[in-house]
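Accompanying notes for the structure given below.
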Amino acid sequence: MSKEISVRTPSRRVLVDITDEVAREVNGDGTWMAYVPHTTAGITINEGADPAVARDILARLEELAPDDADYEHAEGNSPAHVMATLVGSSVLFAVENGRLRLGQWQAIFLCEFDGPRTRRVELTKVGG
Amino acid sequence: MSKEISVRTPSRRVLVDITDEVAREVNGDGTWMAYVPHTTAGITINEGADPAVARDILARLEELAPDDADYEHAEGNSPAHVMATLVGSSVLFAVENGRLRLGQWQAIFLCEFDGPRTRRVELTKVGG
Amino acid sequence: MSKEISVRTPSRRVLVDITDEVAREVNGDGTWMAYVPHTTAGITINEGADPAVARDILARLEELAPDDADYEHAEGNSPAHVMATLVGSSVLFAVENGRLRLGQWQAIFLCEFDGPRTRRVELTKVGG
């Protein structure tokens, strides 16, 4: 009931469309959770058709948690932690007839806020 | 186990209290998910008693993703996509004895960020 | 399948690490939901090792929904409602072999935005 995918993020901050990787792993109809076990990354569902949308979302998050604000945490990645909480650590979605039942324009994005790194996404079936 | 409601949103941006519509559709006790299959709308749980709260939330979201910021996506609705990610595409809640078990002040709001439109909300029982 | 914990928050705004309290209550492997039935509090998963991270997240939320912005709701706690929607009212996590399966740095935080108060967190097993 639980699977894991690994995502190599290519840069410091980037939203990576992982819809196809998720679709390959899920098996069994029902409601699934995609969970990110990291604190400087998140996961969101948004438009996948025009990659500019993901870039606009990220650019805006960088305005909301700017690098040059005052932060107490000494590692320098507090903006990434803030963005992770704004975006969230999990999403839910349906699988029907073995396929993701997302909305027409929806895609699933791993949100890298402190890369490049190899990130994990846990996929778990949570409901019938 | 899965139901759908349709919501006609009356304006470009508005938080619509859909608690009653959700309550009418859910059947069977357990944990339910309300999922929005759109990328310029979201869903949140917040105070339903004073409608000014929802207006304050929306006004603040409009400050966080202003219309006049620089966006790359050419359709002009990037603020709506940003707000959708900030708010999220699904909420979870409990149904007990056939009724929503929300907190005393909680209501479920469809968040329209690029309307007016007819929006769908999928209701799925995810747990016993 | 459902448990509740009570959290006495010590100040007006604070992120309280409730990971240990949650771990004590969950029983049975699977996916669990932690749900906050309040509208001026939220819940998030983020770094628990350095308490400065939680303080940075809160400080940033206070910039995103400042006390001195214009709000319509007369109770004066609109910033708390905004923060609750930005953070969310529930998180999901896995329990395996009777223990929380969080990422290495992850902890679960009750986010108090309008305290001090006694807050409740409902823990419900949502999936096998």
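The values are calculated or read from the model by the stated rules, or taken from the named source; none is laboratory data. Since the structure is predicted, the reported quantities are computational estimates derived from the model, not experimental observations. So basically every Cβ, Gly included, is an ideal-geometry build from the backbone, and we count neighbours across all protein chains shown. Remember, those area values only see protein heavy atoms, side chains included, never the ligands or the DNA or RNA. Shrake-Rupley method; radii C 1.70, N 1.55, O 1.52, S 1.80 Å.
Hey, what angle do you get for helix B:78-87 against the long axis of chain B, alpha-carbon based, 0 to 90 degrees rounded to 10?
30
To the nearest 20 debye, what is the magnitude of the charge dipole of chain C about its Cα centre, counting +1 on the Cβ of each Lys and Arg and -1 on the Cβ of each Asp and Glu?
That gives chain C a dipole magnitude of about 540 debye.
Tabulate in residue order the Karplus-calculated ³J(HN,Hα) for segment C:18-25, using 6.51 cos²θ - 1.76 cosθ + 1.60 with θ = phi - 60°, rounded to whole Hz; enter x for Gly and Pro.
The phi angles translate into 10, 4, 5, 4, 5, 4, 5, 8 Hz.
Cα centroid distance between segment C:66-128 and segment B:77-127, in Å?
Rounded to whole Å, the Cα centres lie 16 Å apart.
Leaving out ligands, DNA and RNA, and with a 1.4 Å probe, what % of the accessible surface on the protein assembly as shown is carbon or sulfur?
That fraction is 43 percent.
How far, in nm, would the chain grow between C:Gln104 and C:Glu75 when pulled straight, counting 0.36 nm per residue and subtracting the alpha carbon separation?
Gain in length upon complete extension: 6.5 nm.
How far is B:Glu25 from the same spot in each other copy, in nm, shortest first, if each label point sits 7 Å from Cα toward Cβ?
Spacings between copies for this position, smallest first, are 2.9, 2.9 nm.
What trypsin sites (Lys or Arg not before Pro) does segment B:1-60 have in DSSP loop regions with at most 13 other beta carbons within 10 Å?
When the trypsin sites (Lys or Arg not before Pro) of segment B:1-60 are filtered for loop state and at most 13 Cβ neighbours within 10 Å, B:Arg12 remain.
Taking the label point 7 Å from Cα in the Cβ direction, how far apart in nm is A:Thr118 from each other copy of itself, listed shortest first?
For A:Thr118, the other copies' label points sit at 4.9, 4.9 nm, shortest first.
If each label sits 7 angstrom from Cα along the C-beta direction, how far apart, in nm, is A:Glu75 from its counterparts in the other copies?
Listed shortest first, these distances are 3.6, 3.6 nm.
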